[in-house]
1. Once the Cβ-Cβ distance between residue 105 and residue 19 is put in as r, and R0 is 25 Å, what FRET efficiency do you end up with, to the nearest 0.05?
2. What does the convex hull of the Cα atoms come to per residue for region 6-99, in Å³?
3. Which one of 79, 90, 27 has the biggest mean-square fluctuation once the chain is modelled by GNM with Cα springs under 10 Å?
4. Springs between alpha-carbon pairs under 10 angstrom, Gaussian network model over the chain: which of 43, 66, 12 fluctuates most?
5. For labels at residue 26 and residue 92 in the simple 7 Å Cα→Cβ model, what's the distance in nm?
6. Name the most mobile residue of 38, 16, 48, meaning the one with the largest mean-square fluctuation, in a Gaussian network model of the chain with Cα contacts below 10 Å.
7. If each Cα of region 28-74 is one equal point scatterer, what is log10 of I(q)/I(0) from the Debye formula at q = 0.18, 0.30 Å⁻¹?
């Protein structure tokens, strides 16, 4: 297998994005997120999300995945806006929400 290629991929869909989680041959996990068309004005939505993540990385201690690549141009070679970022392990909010106190929510 060529260095850096994906060994496995999983697809997940949420309310606003289709997400692909790739595990590379070196074990690195990478997330590719493609917005659905109804998520908002695609060019603005993607650019705003990337800008927000970069701002939070620079100005807070909140753990934010590193953006590896992004495009807000649907005429690119994959035909969609996208964000590619490092995968961050953790527990999803919907798994914790039922057990959180009112102050935590």
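Every number in this text was worked out from the coordinates using simple rules, so none of it is lab data. Here the structure is a predicted model, which means the values were calculated and not measured. Note that each Cβ is placed from the backbone with ideal geometry, even for glycine, and that neighbours are counted across all protein chains shown.
1. 0.55
2. Convex hull of Cα atoms, per residue: 126 Å³.
3. Per the Cα network of the chain with a 10 Å cutoff, 90 tops the list.
4. The residue with the greatest mean-square fluctuation here is 12.
5. 2.9 nm
6. So, out of 38, 16, 48, the one fluctuating most is 38.
7. -0.61, -1.17
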